[in-house]
Structures are given as structure tokens and as C-alpha cells.
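Peer 1: Dropping the structure in here first, questions after.
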Amino acid sequence: MAAERQWGVTPAFSSDPPSAGDLKLNDLLVSELKAQNNFAPASDTEKREAIIAKLKGLLRQMVQTVGKKKGLPQDILDVAGGEVYTYGSYRLGVYGPASDVDTLMVAPKHVTRDDFFDLMPDLLRQSTAPGEITNLVPVPGISTPIIKLTIRGVDIDLIFSSLQLSSLSDKVDLADDSILRGLDEVDRRCVNGTRVTNRILQLVPQTKTFRLALRAIKLWAQKRAIYGNIVGFPGGVAYAILVARVCQLYPKAVAPLLVQRFFFIIQRWNWPKPVFLQHKEESSLQLREWDPNTYRGDAAHLMPILTPAVPSMNTAHTVTRSTKTVMMREFKRAEEIIKDIYDTGKPWSTLFERHDFFTRRYKHYICVNTAAKDQNAHDAWAGLVQSRIKRLMAGIEGSDANSVELVQPFTKGFDRVHLCNGEQQLEKTLDGSLEFQVKATETVATDDHADMKAQIAQSDIDGVEVLATNGEAKVKKEDGPQRVYTMTYYIGIGLREGATALDISTPVQNFQGECTAWPGYDADMHSIRIKHIRSYDLPADVFVPGETRPVRPKRKPK
Ligand code: 3AT
Ligand code: MN
Ligand code: MN
């Protein structure tokens, strides 16, 4: 028998084909994912493909326009080209009905980033029928400059890079490290997403089973509220790398076994030993890569999950002692459930049961309440505060070491709108009261975009125009009802056995100081208040129908 190809950095644990039981469980898993509305309908996929084709046409048009303006000869323009790539969940093939399409435009060197931001917004508007684009926000001045838009109801994240090449006509290979030569950090960041997702797909033995297993793991992680870089959990790319590693170790397995092995292996992994999909590549580019021997910061990472392709980075750098503990607890729970799914025919839905963050998990919660009287000002402020919550968590983890066992952030913020009459009502609202709430609460997923909101806010004050602002003037301090926008982030605090008091005033003050030191902070506009509440005082809107709310314990008779 011919030697089988080795996937990844070690031989496979098992190359057995799936059993009849695995295949049956696979069908049941697909049915459950369908029932959970995890797949986008085929019509959506066609729509997305048509949009990408359109974007490619517009990019090529832009390459020509800019080239002519800059006096490039026609023979160069004839082969100048321009390519559109995707990354994120769309590229990985694990997107749902609500997912965006993360898109990268790559142009030859005569087209600059400024050209992209000068021309592409108008090209997009002019090339579509009225009403086709419902939202278009160019955000140039941030670490990953982006145009966010919605075409025919599909959200698009559009980023751009020009390469140091005069022509891209022979579909340039982004995987080739030499394309990074001469690129600045912004360009490198922009091409990185596509390079990483493409490489992950190349490094797994079977794309189809990888996708199904990743869908299951992502759904599980989201339901259990352990998903998202911003608050200290792995994000989409990190989970993809973990699942890919398990696929490499079981190259013939189908999704149910991969999911089962995922929980087993990742739980027992010898962290902080890193997970990676390929050996470190030698590169003459000398880019900064994850390297615990050289960088002390890297040596402190608790769950390194390294991206393939140069430069290799840790996608789970925000994991803390507490979030790692929470994950280990969830891996264990999942492992037990999978055992029952295999042994006793328990349904897959039990794996995807909603988290118990508010119902059973903690007695104490910290609420971080942000507020502003202007919606846009509040979006930016809430994003800024959220992007810093990790520091509050680290502060609490480190401060009251005698009583705090664990600090768990909830992965979504609660977005509320209130109508306040007078100072007293305003005060209560800023403190977290929902007495004057006028709009149903929305939960806002904490994806990596919260960071971006904060960056947008930052660029706004740096003088970069943000086209999203609708120019609503700062609300004057007047009598009469006033709209107040708030966001609340909840953090669960697990106390050590026997702990009676909780003193976190120092980290709370430090955190408040860090947030209000933001250059865009305006004491008349922005508010931040941090409150400690008991589980039985949690507001009703954090629960879903059918959940049992914690109740105040009855006092023991004396
Ligand atoms: P969805 O199916 O879209 O929810 P996803 O994995 O595609 O899941 P995103 O679209 O949020 O998630 O992000 C896609 C990638 O883009 C993942 C991340 O590496 C990168 N990314 C997201 N937000 C930012 C940001 N603000 N700056 C830089 N990179 C970002
Ligand atoms: Mn996406
Ligand atoms: Mn996106």
C-alpha cells in the first residue's frame, strides 16, 4: 500500500474510515444544524457570488481609470488586471444566513489606498440601481481600513491592498510569500486574512467534513457564550485552526468523530504548548512572528493557536486564566454530552443548549453601563469601553486574589434606549435602571468589530470624516424628555469557597480612568458606571422565555 500523506506536523492518530454509527450520527448532525438555521439557502449563495463578480468588475474599472489618469501606457493597462478574494466565514464555507462577505480587493501598484477610498465608494453607488446599496461607510483611518456596505441585503466588508507588481493578470498567488515584500503593515494585515484562510483549507484532508465539524464547533461555542476575541475567547479563525488540527489527526473521520475528538484533545492539550498546522516556515522577510523565546509578551500567552502562513501569529492572544478555565469546563461538559450522543442516542440539540451564564452560574455580577444622549457618540463610546473590558477582567483577576476565583465576561452587550424626564430619571438610567426604557433590548454580538468601532471613534477625532454619522447635534441640556442610549456588559464573578467579601474598587477605578482618558471622551456626552449586582437583581431582558430567574435566598430564621 502506498504511504499515506501526513497532514500537519505529526502522523495521524487514526486513519480509520467512519463506522456506520458515525455516518448515522453525521446525518443527524446535519439535520440538527439545518433545524438551527445554520446554513445559508442556495439562493443566498448565488446572490453573494453575483455580488463578488460585480465587485471584480468595478475593481478592474478602477485600475483602468487610475492608470489612465496617471498616464500609464496602454500595453501595461491591458494586462494590469485586479483580483477579488474573500476571507472570513464566507471563504471557509461555514457562513450562515446572517453572515457578511469579507472581501479583499488586490490591485497593481499604481493604484493606492487613497485611490481606493477616493473612487470605490462612487463606483459602487453609480453601478447599482437606486436602493440596492442601503448602507455604505468608508472607514479609511484605522488599522485595517475598510468600506462597510450592504448590497441587496448582503453585508460586505471590503478591504484593499495594492501589491508591488505592475500587473496582476496571471491571477497572482497570494500564498507566495514574496508578494509581502515591500508591503507596509496595513497592506500586510489586509492580505493576511485571505492568506490564512486559504492555507487552512489547503492543510485539511477533507474540506467538506472540516466545514461541517467547524459549523458544529462554532455553533456550540456561540451557544455556550465562549466565542469572540474581544472578550478573551477564541474567535472564528482560532476555532477553525483547532478544528483543522483535529482533522489532520483523523484524516478519514466524519464530523461527529471530529467533534468528539476535538473536545477530548483540546481539553487535554499541554497548554501553553502551541497548536499549529504546519512547521514554522523560513522566510527572508524577517517579519515579527509569534515567538515566546524572543518576546516576553508571547511567552505569557496561555492558549497559543498559531496561524499558518508567514507571519505566524497567535489568534488567541486575549485568552486569560479565567476564560481558559471557563473553556475547559465547557470542553468537559461537551465531552460528556458527546459520549451520551454516541452511547445512548441523546440528540445533538443537547450539545447546543444555551449557556447558563445568567441563570445558574454566578451569584455576583459586574455591570459595565455606558451611556450617551446621541446614538453615534454612544456606538463609538460603547465600542471603546468594550475593547478595554479585558483589562478590567485582568485587574479583577489580579486584585482580590483571596476571594476571586474566576472572572467570566458575557460575549454580548445589551443595547437599550430610554426616555428620561429630568435629572433624577437620567441619574437612575445611568446607574442601570430600566424604568424608563422605551425600546426592546437588543443584544449586540461582540465580534472583533467592537475594536473597529472604537477605532472609528478614534479616527473621527483625528479629523477623518466618518460618513455614517447623521449629523445629529450634541443634545443640549434641556428640560423635557430626552433619549438616552445605553449598553451594558455583564461580567460574572466566581468567588472562592468561603470568601465573604469582594473588594474590586481599585481595578474598577483604574478601568474607569483608562476609559475616560480616551481622547474622544467628553464628560457632558459620555457616561460610564460600573455596578456590582446580585444574580437575583439581574434585569428580566437578559433571560429568554423558559429560563428560571435566580431568586433572592430567604433569610434563615434566627
Ligand atoms: P461571520 O459569519 O461573519 O459572523 P466571521 O468569522 O467571518 O464570522 P467576521 O466577519 O467578523 O467573522 O471577521 C472575519 C475576519 O476578519 C476575522 C478577523 O480576523 C477579521 N476582522 C474582523 N474584524 C476586524 C477588525 N476590526 N480589524 C481587523 N480584522 C478584523
Ligand atoms: Mn464574516
Ligand atoms: Mn466581517
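Read the figures in this text as sums done on the coordinates, not as results from a lab. A quick note: this is a predicted structure, and the numbers were derived from the prediction, not measured. Cβ placement follows ideal geometry from the backbone for every residue including glycine, while neighbour counts extend to all protein chains displayed.
Peer 1: Given the DSSP H assignment, sum -39500 (n - 2.57) over each helix run of at least 4 residues in the chain and divide by its residue total; what's the result at 222 nm in deg cm²/dmol, nearest 500? Walk me through the intermediate numbers first.
Peer 2: Details: 15 runs with 219 residues, N = 558.
Dividing the helical sum by the residues of the chain leaves -13000 deg cm²/dmol.
Peer 1: Between TYR536 and VAL186, what is 0.36 nm times their sequence separation minus the Cα-Cα distance? Round to one decimal in nm. Walk me through the numbers before you get to the answer.
Peer 2: Working: separation 350, 0.36 × 350 = 126.00 nm, distance 4.71 nm.
Separation in residues times 0.36 nm, less the Cα-Cα distance, equals 121.3 nm.
Peer 1: For GLY413, list long-range residues whose amide hydrogen, built 1.01 Å from N in the peptide plane, is under 5 Å from its own amide hydrogen.
Peer 2: The list, which skips near neighbours in sequence, is VAL444, THR446.
Peer 1: Continuing with this model, one more query. Order of THR325, THR134 from fewest to most other C-beta atoms within 10 Å?
Peer 2: On the way: THR325 16, THR134 11.
With the sparsest Cβ surroundings first, the list reads THR134, THR325.
Peer 1: Taking the number of other C-beta atoms within 10 Å as the exposure measure, put HIS378, HIS317 in order starting with the fewest.
Peer 2: On the way: HIS378 22, HIS317 18.
Ordered from fewest to most neighbouring Cβ atoms within 10 Å, HIS378, HIS317 come out as HIS317, HIS378.
Peer 1: What is the fewest-to-most order of LYS69, LYS554, LYS428 by other Cβ atoms lying within 10 Å of their Cβ? Numbers along the way, then the final one.
Peer 2: Values: LYS69 11, LYS554 6, LYS428 15.
Ordered by Cβ neighbours within 10 Å, fewest first: LYS554, LYS69, LYS428.
Peer 1: From the Cα gyration tensor of the chain, with a ≥ b ≥ c the square roots of its eigenvalues, which class applies: rounded if a/c is under 1.5, or else prolate if a/b is larger than b/c, or else oblate?
Peer 2: oblate
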